[in-house]
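The values are calculated or read from the model by the stated rules, or taken from the named source; none is laboratory data. Not measured: the values here are computed from a predicted model. Counting neighbours? That spans all protein chains shown, and the Cβs are built from the backbone with ideal geometry, glycine included. Keep in mind that these areas ignore ligands, DNA and RNA; they rest on the heavy atoms of the full protein, side chains included. Shrake-Rupley method; radii C 1.70, N 1.55, O 1.52, S 1.80 Å.
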Amino acid sequence: MTEPQIDQLHEWDRRHYWHSFSPMADYEPLVIERAEGVWLHTAEGQKLMDAASSMWCMALGHNHPRVTAAIHAQVDRLAHCTSLGMGADVTVRLAKRLADLAPGDLEKVFFSSDGSSAVEIAMKLAVQYWRQCDDPKPARTKFLSFGHAYHGDTLGATALSGIGRYYEPFEPLLCEVVRVAPPDARSVTDTNPAEAVAGEALARVDRVLGDFADEIAAVIIEPRVQMAAGVLMHPEGFLRGLRALCDKHGVLLIADEIAVGLGRCGKKFACDHEGVRPDLMCLGKHLTAGYAPMAATLATPAIWDAFLNSPDRPQEDRTFYHGHTFSGSPLASAAAMAFFDEVDDGLLEKIKPAVDRLGERLGRLAERDAVVHPRQLGMVAAFDLELPGADSSFADPNSIGRQMARHCRERGVWLRPRPDMIYVAPPLTTSVEEIDFLMDVVEESVEVAQEALAGGSLS
Ligand SMILES: Cc1ncc(COP(=O)(O)O)c(C=O)c1O
């Protein structure tokens, strides 16, 4: 069979490939053939920097020799085995490694294949825990989540979402969730310090947990940074305060670290920024450095114990009846082990110069009037656009953010377009020089937008 030409690929792409989170009416194909480090090579012949790490996954960049070698070696030994009643040696070793690495006593690991499933598992564990724990509270079936939150797209995870266009069409299918407005570090000023902004949000949580006493099973949070909300950062102290409130009301705390964990925020876990120990933690994305679909839900022994059958209660089956065909995939486990080898070899130390340069370049950008609310934590940086007269509506393909992302793409940088802000979350292994290239292009796109608006040529 002859290889299809690029026009043919584009036609098939437009006609048959229903892309995630993409309006398909005006879909512009972008076909990737191969990738190396932070660079994507497109079938159209362009070299593009992957400034969103293929949606916050490719922690070590593409074609990383240690990870690819680990996957090659594993596929020759054992490509797959079920997690029902058995497990691959490499997956057993990964479970132990995660247990050793995780904060607190999160030492029980349930594997799945994607972040949404990891969240769904945390939800089911929480609800079943309250039915079976020593002091049962079976009415605890609701969840508290935060405004603008994103926890994935399966039905349970969709219910937790705080972004209306993601959950509203499915409302008849969703479980009960109480949403509380999160604190936004952008509202911190000299007269409204971080403690006050965090304190107001904590007071809202306290009220809701009081109002729904004995109905809420767990609070779920994206610790420190809500990526999908437009890199909404919480003020320092909020996470710690939330842990204290969960303890006060006897509610479980689920940390969804799928996007922010495992190095993205500069530490092993975002919870480490405030020394917080959740009851359940969800990991994904960086877990395999993006090389294979795998996620994990970590739980404490207190939760695990509630699922143990006992000869004292022979009539009572407390098993967690949940699992996925590819749970604990050996190939994904091998990739994860290679990622943790890099972590053990000082990955988070090595990235510091690039993280610092990202901060410097963000500071330089923030001197422009159009750039407001610059923010950074580890290898994620963002700013909002203040361009009077520019269209920033979400659905508009000509919104200012989308036009700027198009400009960056022409100049060799792929950013995930947002209507009214720009964020970058490149691989952790991005060099200082590559950060400079990225931020040069971003800065140029701000300049082009400013000039075009001044000349009236941007909508
Ligand atoms: C915080 C958070 N939770 C859950 C998910 C869902 O993960 P997945 O896309 O692997 O299902 C995402 C995905 O972006 C996420 O950012």
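Listed here are the residues, each with its yes/no results for (1) among the aliphatic types (A, V, I, L, M); (2) open to solvent by 30 Å² or more (accessible area, probe 1.4 Å).
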position	(1), (2)
ARG186	no, yes
ALA201	yes, no
ILE216	yes, no
GLN226	no, no
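When LEU232 is tested against (1) open to solvent by 20 Å² or more (accessible area, probe 1.4 Å); (2) in contact (Cβ under 8 Å) with a residue 12 or more places away in the chain, only condition (1) is not met. Screening THR288, THR319 for residues that are within 16 Å of the ligand (Cβ to nearest atom) and not aliphatic (A, V, I, L, M) leaves exactly one candidate, THR288. With respect to being away from the ligand (no atom under 13 Å from the Cβ) and open to solvent by less than 30 Å² (accessible area, probe 1.4 Å), LEU252 fits the description.
Listed here are the residues, each with its yes/no results for (1) within 16 Å of the ligand (Cβ to nearest atom); (2) surrounded by 20 or more Cβ atoms within 10 Å (Cβ to Cβ); (3) farther than 17 Å from ALA122 by Cα; (4) in the same structural domain as LEU106 (by TED's automatic domain parsing).
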{"position": "MET294", "(1), (2), (3), (4)": "yes, yes, no, yes"}
{"position": "ALA302", "(1), (2), (3), (4)": "no, no, no, yes"}
{"position": "ALA306", "(1), (2), (3), (4)": "no, no, no, yes"}
{"position": "PRO314", "(1), (2), (3), (4)": "no, no, yes, yes"}
{"position": "GLY323", "(1), (2), (3), (4)": "no, no, no, yes"}
{"position": "SER329", "(1), (2), (3), (4)": "yes, yes, yes, yes"}
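As an exercise: evaluate SER310 against (1) polar (S, T, N, Q); (2) at pLDDT 95 or above; (3) open to solvent by less than 50 Å² (accessible area, probe 1.4 Å) and give the number of the one condition it does not meet. Only one criterion in (1) polar (S, T, N, Q); (2) at pLDDT 95 or above; (3) open to solvent by less than 50 Å² (accessible area, probe 1.4 Å) is unmet by SER310, namely (2).
Just wondering, is there one or more residues in region 210-229 that are more than 16 Å from the ligand (Cβ to nearest atom), under 25 Å from ALA118 (Cα atoms), in contact with a strand residue (DSSP E or B) (Cβ under 7 Å, 6 or more places away or on another chain) and of a type in the set (Gly, Ala, Ser)? Checked against the condition, which is being more than 16 Å from the ligand (Cβ to nearest atom), under 25 Å from ALA118 (Cα atoms), in contact with a strand residue (DSSP E or B) (Cβ under 7 Å, 6 or more places away or on another chain) and of a type in the set (Gly, Ala, Ser), region 210-229 yields at least one hit. Output yes when any residue across region 74-84 is open to solvent by 50 Å² or more (accessible area, probe 1.4 Å) and under 20 Å from ALA425 (Cα atoms), and no when none is. Looking for residues that are open to solvent by 50 Å² or more (accessible area, probe 1.4 Å) and under 20 Å from ALA425 (Cα atoms), one finds none in region 74-84, hence no. In the set (1) within 16 Å of the ligand (Cβ to nearest atom); (2) open to solvent by 50 Å² or more (accessible area, probe 1.4 Å); (3) without any contact (Cβ under 8 Å) to a residue 60 or more places away in the chain, MET55 fails one condition alone, (3). Counting only helices (runs of 4 or more DSSP H) that sit completely within region 81-191, those holding 2 or more residues that are within 16 Å of the ligand (Cβ to nearest atom), assigned by TED's automatic domain parsing to the domain that holds LEU308 and within 22 Å of the chain's Cα centre (by Cα) correspond to 115-132, 155-160, 164-167. Applying the criterion of at least 3 residues that are under 22 Å from the mean Cα position of the chain (by Cα) to the helices (runs of 4 or more DSSP H) found wholly in region 234-347 leaves 238-249, 330-344.
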